[in-house]
Every structure is written in C-alpha cells, then in structure tokens.
Amino acid sequence: MMSESEPPRPTVLTPPRAKLRRPRFQFVWLIPIVAAIIAGYLGYRTAIEQGPLLTLTFASADGLQAGQTQVKYKAVALGTVESIDLAPDNSHVVVKVRMNHVGARFLNSHARFWVERPRFNLSDVSGIETLVSGAYIAVDPGTPGGSEQSQFAGMEEPPGVRSDEPGSTYVLTTNSVGSLNSGSPVYYRDVQVGEVLGYDMGNGLGPVKVTVFIRAPFDHLVRPGSQFWNISGITLGTEGGVLQLQLQSVQALVAGGIAFALPNAARGDAPSPDNATFPLYASEQAADAASYRTQIRLVTYLDSDVAGLVPGVPVQQLGVQIGVVTGVSLEVDEARGTMRVRVDMQVQPERIHSSAALRQGLDARADLQRLVDNGMRAELGTGSYVTGQKLILLTNVPGAPPAKVTREGDALVIPSAPGGLDATLASVNDIAAKLAKMPFQQIGDNLNKLLITANGTLGGPQLKQTLAQLTATLQTANVTLGMVNQDFGTDSDFQRGMQQLLQQGSAAAQSVKALGDYIQAHPQALLLGRSGP
C-alpha cells in the first residue's frame, strides 16, 4: 500500500504489435518502365538494322561531312558517314560509312563508289541537284556475282556506264586520239548513241585503245564491217569546187567525238560481241575507203615539190576518187644520185570495175600496164587553192614515152609525169631556154645597121628629087581629072547622050518582050502571019 505522500507511479502502456503491410502500386512508376521498354526495343531494333562498316578512300573529302553525308542509290539512303580521317601518309582520306541492312547487299567486289557533286566540264554537266541537297556518295552495284568486300577505293569521276544501263562496250585502236576524252559523244547518223569511256596508251609504243559504250538498241548496228572515224574539231575542204565546212556538233568541237556507220555490204553480218575491236580512222573519207574489201597498193615517185600532199588525200581519175594516199616519204634515188618523193596509195577497184568483173577476177598488173601503154601517168594535182591541199591524179599524157609497171613487194609501181603548176613551169623553162638560144645581139646589130642605112637614104638628094617629081606628077594628074570631069561629068553632052541611048534600049526591050509574048500565045503566026488585031 502506498503512502499518501508518495507520488503515483506512471502507468506503463505496452505498444500494440506492429503489423507489416505491402505498399500499394504507384502508377507513376509506369513512365520509367515504359521508357526502359522503348529504349530496349530501339536498341534491339538498331542492333538488328545496323549493317556492316564500309571503308572508302578518296583523294579529297570535299563535300563530305561526318554524321550527315549519306550513301545513296536511286535516291534511297543506304548508310551514313560516321567518320572522316586522313591516311597515315596523308596521301588520301579514309571515310567510314555505317551501312544499313539494305546497303549491306551492295558490298561486293563489283560495286563502285564515287562522290556525287556538281560537275561542269566541256563534255558533261552533272550533279546539279547537289547544289541544294549537298554532296552524297553514290554507288553502282555492278554485275551480280561479286565476292563480299568492305573496303573500296572510291572513284574521282562518275563512271560513264552504269551496270543497269543496257548496251555494249567496244575497243577502237588509233595512233592519235585528238581531243577525245572520257564522256566524248559517239554518233550514228548524227544521233548520239553512246560515249567514250576512256583510252589506254599501254607502253606508248603501240596504238592507243579507246573504249566506247554504245547503248541498246543501237549496239546491234555495230558489226564486223562497221566503220568508226574521229569527228573532233572542224573539217575544212573542197568538194565539187565548193568550199565546205563540216561540224558535227558544238560538243564534238570542244570535247571531241566519234561517228560510225554501217555500210550496205555489212548489213547482213551478225552483231559484234562485247569488247570487239575496230580501227578508228582519222576521217570519214578514210573510213569509206577502208570499207572496200578489195585493195590494190600502188607506188609512184615524184621529183617535184609535194607540199600539201599528206596521207588521207584522194587519188582521182577523170575527177572521180578511186583511192587514197596512204604515205608520203622522201627517198634517195641511188641510180641517179638524186632525191625523190615516194607516194604510197591504196586503190579500190570496186570503184571502177563492175561486180561481175570482180567475181571473175582481175589481173591488176596487166590492167595497169594497158593503161600505162595508153599514156596513163600519175601527176600531182591541186585539191584546194584555199588550203593548198594536193592530191594525186591519174591522167593520160599525150605522147608519153613507153614505160613498164614494176613491182616492189606487194605494191605496183606506176610511172609519173609533171603535172599542174610543175608542168606549167616546165613549159615556161622550155620557152625560156629556146629564147636564150636566139641571137638577140646579132639581130640588134643588124637592125641598127638597117636603121642607119634607112636614115641615110631618106635624108639623101635622090629622095628629095623623087619627091619633087612626084609632086609635079600629082598636079598634072589633078588637071587631067578636072578635064575628064568636064567632058564626061553629069552635065556633059556625053552624059546626056548616054541617057538617051539607055531610054531607047529600054523601049526596044519592051517591044521584043511583047513580040515574044504574042508568039508564045500564037505560034502559028510564024508561018501564017499575024491575023486579027
């Protein structure tokens, strides 16, 4: 029992036993959960769609930007540039491109990559759209069947032919390309049907190989007999006495060009296969001459100046081209110890003989010998007085001395004669030689003596006396003519008598005429006399 003075003890309360409860779900947690799910999905999608890494090398990174520049094919994005670095030797740039799953199919050994940017040159204008959209890396997948590859050397210029463009590629051989370059046009009947892809000089000792592409369906016109020729620049010449200026196109003038044709004789041939080889001629005339299947090599030697005579000029007979000059060279005539010019020619007998004669065969040497026996000679003629171009003329020379057609290897040698200006100069020299032989000094001395003698004779007394006598004789003749005029003039008795005599004669003639008319009408009057009135 507690005393009243002790304070009361506090009552100790035992706390109730705690019960644990699970917290309720908070909807605010949905936001990070959904975000995590989306992030995971995007990461997974990116990992699935991300393609391989492509490595390209270019000479310059002009127009390329990491993270922005794309790889495109037919305006479809195939990847994006991740990084651009310099090569360890600083000679080029290395571009890393992350391709997508679509672009992965383009990584084969036949693919080609280049930077598509604005290009302005004489033969091509391309990439104009990149002025607004910016440069991008273009790709050509190439032909199917290439091996897998992820490193490429990028092209500095777009390829002339894309793999999806139908057509064929051919090789032309020539000794000089002129102004031909990549992109130069190829024409058929003045229509552009292809372009030059490039050329290869090889070791520089052989002909230049020019690669051209002909688009379909025009590539079927390229056949074994097709003729290609260079049309670069301007062709100036004469035809039929008319000065002609030939220009294929402005593009061919500044960037060069090639034209080809299919002769009638080659239209039955099958189309040539891809990469077939053809010669590239310097002009259309040279190509036309080569289209004849029968060729006869001729050689002639000239002793005159041949300035203006170059390979490719025509050989004419009676104004018609029958061949072309193939070579002009200077040689030493060992037999005479003088210099002379050797002219090589190709003559096409198909221009002269009929097809029937060609089928039967011809003896070129015998035919030429008959022509030479009749006076045919090779002469140097003038093709154009404006350009100074010369040509070879096969003409008949009257009184030409006999000559023989000889052979040098596979060529026939025909005799020549001076022609054109040289013949004129030879005639002038002949006349000058004859004039030089005339004794002009002796003739002059004789004329001088004759003048002295004539001067002495005209000034002598005998001539003066003769002139005085002639004067007196003329005076006497004048008096005599006056007397004759008085006696026989228009008012003289003699003149009046003559008039009367003529009148009487006219009357007698009329009487005789009347008698004749009467006897013709009355012939019996000759026996019986005139009866009646």
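Summary table below
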read-out: Within region 111-161, considering residues that are modelled with pLDDT under 80 and more than 37 Å from the chain's Cα centre (by Cα), the one least open to solvent (accessible area, probe 1.4 Å); value: THR130
read-out: Any hit, region 285-292, residues being open to solvent by less than 70 Å² (accessible area, probe 1.4 Å), in contact with a Lys or Arg (Cβ under 6 Å, 6 or more places away or on another chain) and not in a strand (DSSP E or B); value: no
read-out: Residue check, ASP367 open to solvent by 70 Å² or more (accessible area, probe 1.4 Å) and under 26 Å from SER291 (Cβ atoms); value: no
read-out: Members of region 293-309 that are open to solvent by 40 Å² or more (accessible area, probe 1.4 Å), over 30 Å from GLY337 (Cβ atoms) and touching a residue at least 60 places away in the same chain (Cβ under 8 Å); value: THR294
read-out: Residue match in region 42-62 (condition: modelled with pLDDT of 70 or more, over 30 Å from ALA135 (Cβ atoms) and of a type in the set (Gly, Ala, Ser)); value: yes
read-out: From the options VAL315, VAL328, VAL332, VAL320, residue that is closer than 25 Å to TRP229 by Cα and without any contact (Cβ under 8 Å) to a residue 24 or more places away in the chain; value: VAL328
read-out: Selection count, region 150-169, where residues are under 24 Å from LEU280 (Cβ atoms) and not in a loop (DSSP other than H, G, I, E, B); value: 3
read-out: Residue satisfying all of: in region 282-292; in contact (Cβ under 8 Å) with a residue 60 or more places away in the chain and of a type outside the set (D, E, K, R); nearest to GLY257 (Cα to Cα) among these; value: ALA282
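The values are calculated or read from the model by the stated rules, or taken from the named source; none is laboratory data. In this text the structure is predicted, and so the values were computed from the model without any measurement. In this analysis, Cβ positions are derived from the backbone assuming ideal geometry, glycine residues included, and neighbour counts consider all displayed protein chains. The area values use the complete protein model at the heavy-atom level, side chains included, leaving out ligands, DNA and RNA. Shrake-Rupley method; radii C 1.70, N 1.55, O 1.52, S 1.80 Å.
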